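J.: Below is the structure I would like to discuss, written out as structure tokens.
Readers should treat all values here as calculations from the given coordinates under stated rules, not as data from a laboratory. This structure is a prediction, so every number in the text was calculated from the model and none was measured. All Cβ positions, even for glycine, are placed from backbone atoms using ideal geometry, and neighbour counts span all protein chains on display.
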């Protein structure tokens, strides 16, 4: 969908950012009146119902060829994918908070790598029939898997309640707590700024990659297979890092050094795109950035989230993972859009963005020493 709408991506990302901003106060208000069990049940059930409604619109309302339904679905998919993962981490950072349990974050994320490997295999096998039944197969698979995830989350929460005597009280507070705290509280503002710049850089990277892929092939089946194959390279390598090295790396190098390193990786990635734009560059850069993100940097950020107060663990973390991330996407696409208005060559956009990568490393250094000490 992204490749087919590459010229409209800045507008779709803007719509996604606005939608995230509108949805977050609603989520925060709901979370204020609920406990962790209700949050999981309400949010995942709502998203499953949405998937079924989209399928109904495609199959029975004759809207399968509507370009606007496709764009609405693209925006919704972003909300869906961000919230599904964010709510999962709300569960994890509230159940696995002490230093011993946090050491399992890499192993926990290994489940995500196995899921990505499984999902990419489904995508590859459905690619040959995508134009006939692909949307239906993708949608039903996603709905069933999310239902299973919800049931497992509720089971895990029930087991923790029995074994650890966790008291599921309502979160409390108000609907705008996450927005206010992301502006006023230094620690939350620092990590929010980091996520904003990181996602902006990642968006510049993948929009550039999409352009390279579009020039490489006009065949949708071939593109889907390429992305699926790249995913199947990423997933096992990331899995190995998560299972055996994540906890060791975090303890050995420390939180600030890990977050500093991200900007350095983007520096080399942008050099590759700017000086040698090719399908090989896309594959290598995508693999390296994704392994670092999901094998090392993401568990590090979630470790920081465990140090937040209860209200922020339920709300600010979701606001950062959803709206701030989507705003970063919008900022990155805006950078590309502004670049196209200049005389700068398309393959030079990543080179111009290199100073932003330097700023990301600066933000990584700003992460407090207090948080680093507590996590180590």
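J.: If neighbour count is taken as other Cβ atoms inside 10 Å, put 154, 144 in order from fewest to most.
T.: Fewest-to-most Cβ neighbours within 10 Å comes out as 144, 154.
J.: Let me ask something else about it. Taking only Cα atoms of the stretch 14-76, what ratio of Rg to Rh do you get with Rh as the Kirkwood inverse-distance radius?
T.: Reported Rg/Rh (Cα atoms, Kirkwood Rh): 1.07.
J.: Next up: What is the spin-label model distance, in nm, from residue 176 to residue 56 if the labels are put 7 Å beyond Cα along the C-beta direction?
T.: 3.5 nm
J.: Tell me, in nm to one decimal, what length is gained between residue 251 and residue 66 on full extension, where the rule is 0.36 nm per residue of separation less the Cα-Cα distance?
T.: 61.5 nm
J.: Please give the length that would be gained between residue 144 and residue 232 if that part of the chain were fully extended, namely 0.36 nm times their separation in residues minus their C-alpha to C-alpha distance (nm, one decimal).
T.: That works out to 29.5 nm of additional length.
J.: Over the chain, calculate the relative contact order: mean separation of alpha carbon pairs under 8 Å at least 6 apart, over the residue count, as a percent.
T.: Worked out over the chain, it gives 32 percent.
J.: Something else about it: Sorting 259, 30, 202 on the 10 Å Cβ count, fewest up front, what's the list?
T.: 30, 202, 259
J.: What FRET efficiency, computed as 1/(1 + (r/R0)^6) with R0 = 35 Å and r the Cβ-Cβ distance, is obtained for residue 97 and residue 29, rounded to the nearest 0.05?
T.: Efficiency computed from Cβ-Cβ geometry: 0.90.
J.: Under the rule a/c < 1.5 gives rounded, and otherwise a/b versus b/c splits prolate from oblate, where does the stretch 195-250 land using the Cα gyration tensor?
T.: oblate
J.: Sticking with this structure for a sec: With no solvent and one point on each alpha carbon, what is the Debye value of log10 I(q)/I(0) for the stretch 210-360 at q = 0.12, 0.18 Å⁻¹?
T.: Computed log10 I(q)/I(0) values: -0.64, -1.30.
J.: Compute the length gained on full extension between residue 49 and residue 362: take 0.36 nm times their separation in residues and subtract their Cα-Cα distance, giving the result in nm to one decimal.
T.: Stretched out fully, the residue 49 to residue 362 stretch lengthens by 108.4 nm.
J.: Could you check the simple spin-label distance between residue 8 and residue 152, using points 7 Å along Cα→Cβ, in nm with one decimal?
T.: It works out to 3.5 nm between the two label points.
J.: Along Cα→Cβ, 7 Å out, is where each label goes; now give me the distance between the ones at residue 22 and residue 189 in nm to one decimal.
T.: My value for the distance between the label points is 2.9 nm.
J.: In a GNM of the chain with a 10 Å cut-off on Cα contacts, which of 160, 308, 349 has the highest mean-square fluctuation?
T.: Per the Cα network of the chain with a 10 Å cutoff, 160 tops the list.
J.: In the set (i) 0.95; (ii) 1.02; (iii) 0.98, which value of Rg/Rh (Cα atoms, Kirkwood Rh) was calculated from the structure you see?
T.: Evaluating Rg/Rh (Cα atoms, Kirkwood Rh) on these atoms matches (i).
J.: Fewest first, what order do 49, 150 take by the number of other Cβ atoms within 10 Å?
T.: 49, 150
J.: Additional query: With Rg and the Kirkwood Rh both taken from Cα atoms, where does Rg over Rh land for the stretch 1-124?
T.: 1.02
J.: Between the stretch 282-303 and the stretch 317-342, what's the alpha-carbon centroid distance in Å?
T.: That distance is 19 Å.
J.: Given the rule -39500 (n - 2.57) for each run of at least 4 DSSP H residues, summed and divided by the residues of the chain, what is its mean residue ellipticity at 222 nm, to the nearest 500 deg cm²/dmol?
T.: Value at 222 nm, helices only, nearest 500: -26000 deg cm²/dmol.
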